[in-house]
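Peer 1: The structure follows.
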There are 2 protein chains.
Amino acid sequence: MVTLPSSHSPTLNPLYRQVIGLVMRSLESGEWKPGEVIPSETLLAARYGVSQGTVRKAIDELAAEHLLVRRQGKGTFVATHADPRIFSRFLRVAANDGDLQPLRSEPLGCWRVKAGSDICHALNVEEGASVMLVRRVVLSGEMPAIFDEVYLAADFFADLTQETLLAGDVSLYGLYESQFGVRVIRAEERVRAILADPVSARFLQVAEGEPLLLVERTTFSYSDRPVEFRRSIFSTRHLHYRNELV
Amino acid sequence: MVTLPSSHSPTLNPLYRQVIGLVMRSLESGEWKPGEVIPSETLLAARYGVSQGTVRKAIDELAAEHLLVRRQGKGTFVATHADPRIFSRFLRVAANDGDLQPLRSEPLGCWRVKAGSDICHALNVEEGASVMLVRRVVLSGEMPAIFDEVYLAADFFADLTQETLLAGDVSLYGLYESQFGVRVIRAEERVRAILADPVSARFLQVAEGEPLLLVERTTFSYSDRPVEFRRSIFSTRHLHYRNELV
DNA sequence: CAGTGGTCTAGACCACCTC
DNA sequence: AGGTGGTCTAGACCACTGA
């Protein structure tokens, strides 16, 4: 470890915080990839020159943030969006009557476009930069349920094509991981009420002027790097946006 | 402790889980009230017959759920809605331009009413039971921002009056604690888009037919006991509903 | 069976707060 | 000075997994 354990040195940062930093570095660098096991607590303790209990506390925090997943008897794993539990944590849509029909993604297109200033700002790229735009409809059963416009920083996702999207799942984040090596860890959402314009009305098969929910989401990877800006629009006739406060 | 520590007995529940249960019981019974200090870790360890480290782990979990708050050098406290940090955790409204004007609550009335079946179901009272209904407008600066209808189980809140509400804060939860001994710990929200009807249009000073956000919230106390059902309606012209996903 | 995470303990020292 | 929570360690044993 960088800092001496206890006797001297006024412990600028707790040891376990430093361990968290080192583990994060290995996650960011791709030394341990999504879905893989990381070394055991004993090994990490030896590697970092701290006690096993200190490593445990560090991993506890990272597991609480859902960056790692512990599995007793097997080891500690890097969280992955291939895991359906993580998918459902990022899906805030629920059916009004309780049972959500299975969702299926239907990509409508994928283009390289010049982004507006709001999107450039959200993605932290310079004004007027070109970005990838993906449009899709999410079907619930056979009915169109959600109309999505997804913007991605072009330097990371330049070779994204509609074919790639067709192969992918409802969640795009598994795709980002497997095809582009980008791991989504966090998102911010802003929800508003709007009236259906001609475009969204057509894709959602609702009347113009119908009230719709607009969910704007900015998605982040490690080090708060923005990955995606997304506008999702849906009618709340059959669905709603759910949230838990604690 | 009920279960023997380790050598025999196949440890049905971990000790620290049992400690969590015991601490929760003291919270529910009101032995330790919101804002008060609870006994030190050392004292609790002696009281429960476990090591200080085990008490620490139990308190760690309860602090993570925001039921307790630790303050180094001072002690561990029962969380309270008098604390503004907790208030902001339960307020998901933010200004579109970033700075939210100070909020002020203006109660419109307080009645005892027969609740519809949806509200009875949410509050877990029998069909047709009478409940308290509070109507209020929340002002942001000088403008009406949010129109609220709050339903409360009448057996707990029977002697609620408009005068009591006038004395209270923007957050009703501090009032529930201090006046009715009910501590809110959790809420579920369902968000939908609607069109302004005559009533909400008048209170929010918007045109009829304007798209509005409807936030339905069910609030719970200890043991998942429902406390409150609330409908909040606001225009997203200047405000939005914010959320963080992790 | 060996290896992993999960629990529990005991003891040391640090950092902060109050008197 | 004496109390509180915060960090760190070392060691023991339990519970689960897979070869």
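Each value in this text was obtained by applying a stated rule to the coordinates, not by laboratory testing. All of these numbers come straight from a predicted model, not from anything done at the bench. Cβ atoms come from the backbone with ideal geometry, glycine included; neighbour counts cover every protein chain shown.
Peer 1: Please work out the C-alpha center-to-center distance from region A:174-211 to region B:93-149 and express it in whole Å.
Peer 2: Centre-to-centre (Cα) distance: 29 Å.
Peer 1: Per-residue HN-Hα couplings for region A:192-206, Karplus 6.51 cos²θ - 1.76 cosθ + 1.60 at θ = phi - 60°, whole Hz, x for Gly and Pro?
Peer 2: For region A:192-206, the Karplus curve yields 9, 9, 9, 9, 4, 8, x, 5, 5, 4, 5, 5, 8, 6, 10 Hz.
Peer 1: For region B:149-246, what is the relative contact order in percent, using Cα pairs closer than 8 Å and at least 6 residues apart in sequence?
Peer 2: Details: 131 pairs, mean separation 26.5, N = 98.
In percent, rounded to a whole number, it is 27.
Peer 1: Calculated from DSSP H runs of 4 or more alone, at -39500 (n - 2.57) each and per residue, what is the 222 nm mean residue ellipticity of chain B, nearest 500? If you can, show how the numbers build up before the last one.
Peer 2: Details: 9 runs with 74 residues, N = 246.
Theoretical 222 nm ellipticity from helices: -8000 deg cm²/dmol.
Peer 1: Okay, next question. Quick one: helix A:15-28 against the long Cα principal axis of chain A, what's the angle to the nearest 10°, folded into 0 to 90?
Peer 2: Around 50 degrees separate the two axes.
Peer 1: Here is a further query. Out of residues 5 or more away from A:Ala79 or on other chains, whose amide H comes under 5 Å of its own, with H placed 1.01 Å from N in the peptide plane?
Peer 2: Amide H neighbours of A:Ala79, under 5 Å, 5+ apart: A:Gly35, A:Leu68, A:Val69.
Peer 1: State, to one decimal in nm, how far the label point of A:Glu65 lies from the label point of B:Glu31, with both points 7 Å from Cα in the Cβ direction.
Peer 2: 3.6 nm
Peer 1: Based on the alpha-carbon gyration tensor of region A:50-100 and its eigenvalue square roots a ≥ b ≥ c, which shape applies: rounded if a/c is under 1.5, prolate if not and a/b is larger than b/c, or oblate? Write out the running numbers ahead of the final one.
Peer 2: Values: a/c = 3.61, a/b = 2.81, b/c = 1.28.
Since a/c reaches 1.5 and a/b is larger than b/c, the shape of region A:50-100 is classed as prolate.
Peer 1: Any idea what diffusion coefficient chain B gets from Stokes-Einstein, in µm²/s, Kirkwood Rh on alpha carbon pairs, 10 °C, 1.306 mPa s? List each step's numbers first, then the result.
Peer 2: On the way: Rh = 20.2 Å.
Roughly 79 µm²/s, to the nearest whole number.
Peer 1: Could you work out how far apart the two model spin labels at B:Glu126 and A:Arg89 are, taking each label as a point 7 Å from the Cα in the direction of the beta carbon, and quote it in nm?
Peer 2: Label at B:Glu126, label at A:Arg89, 4.3 nm between them.
Peer 1: Measuring from a point 7 Å out along Cα→Cβ, what nm distances, shortest first, does A:Gly141 have to its partners in the other copies?
Peer 2: 4.6
Peer 1: Once R0 is set to 60 Å, what does the formula 1/(1 + (r/R0)^6) return for the Cβ-Cβ distance between A:Arg112 and B:Ser223, expressed as a FRET efficiency to the nearest 0.05?
Peer 2: Numbers: r = 55 Å, r/R0 = 0.91.
The formula returns an efficiency of 0.65 here.
Peer 1: How many nm is it between the label spots at A:Gln205 and A:Arg190, if each spot is 7 Å from the Cα in line with the beta carbon?
Peer 2: Between A:Gln205 and A:Arg190, the label points sit 3.2 nm apart.
Peer 1: Quick one: what does P(r) look like for region A:155-246 with 10 Å bins over all Cα pairs, in whole %?
Peer 2: In order of increasing distance, the bins hold 14, 36, 34, 16, 0 percent.
Peer 1: In whole percent, what relative contact order does chain A give with Cα contacts below 8 Å and a gap of six or more residues? It would help to have the intermediate numbers written out before the result.
Peer 2: Details: 406 pairs, mean separation 38.9, N = 246.
Here the relative contact order equals 16 percent.
Peer 1: Take the alpha carbon gyration tensor of the protein assembly as shown, find the square roots of its eigenvalues, order them as a ≥ b ≥ c, and report rounded if a/c is under 1.5; if not, report prolate when a/b exceeds b/c, else oblate. Spell out each step's value before the answer.
Peer 2: Numbers: a/c = 1.90, a/b = 1.06, b/c = 1.79.
Because a/c hits 1.5 or more and a/b fails to exceed b/c, the protein assembly as shown counts as oblate.
Peer 1: Hey, what do the phi angles of region A:207-214 turn into as Karplus ³J(HN,Hα) couplings, whole Hz, using 6.51/-1.76/1.60 and θ = phi - 60°, x for Gly and Pro?
Peer 2: 6, 4, x, 5, x, 10, 9, 10
Peer 1: In whole Hz, what ³J(HN,Hα) sequence does region A:35-43 give by Karplus (6.51, -1.76, 1.60; θ = phi - 60°), x for Gly and Pro?
Peer 2: So the J values, rounded to whole Hz, are x, 7, 7, 9, x, 5, 4, 4, 5.
Peer 1: List, shortest first and in nm to one decimal, how far the label point of A:Arg242 (7 Å from Cα along Cα→Cβ) is from its counterparts in the other copies.
Peer 2: Label point to label point, same position, other copies: 2.5 nm.
Peer 1: Output the 0 to 90 degree angle, nearest 10, between the alpha-carbon long axis of helix A:52-64 and the longest principal axis computed from the alpha carbons of chain A.
Peer 2: In chain A, helix A:52-64 runs at an angle near 10 degrees to the longest axis.
Peer 1: Starting from the Cα of A:Asp97, step 7 Å toward the Cβ, then list every residue of region B:115-141 with an amide N under 20 Å from that point.
Peer 2: Residues B:117-119, B:121-122 qualify, since their backbone N sits under 20 Å from the label point.
Peer 1: May I pose another question? Sort B:Arg136, B:Arg202 by Cβ crowding within 10 Å, fewest neighbours at the top. Numbers along the way, then the final one.
Peer 2: Details: B:Arg136 23, B:Arg202 13.
Going from sparsest to densest Cβ surroundings: B:Arg202, B:Arg136.
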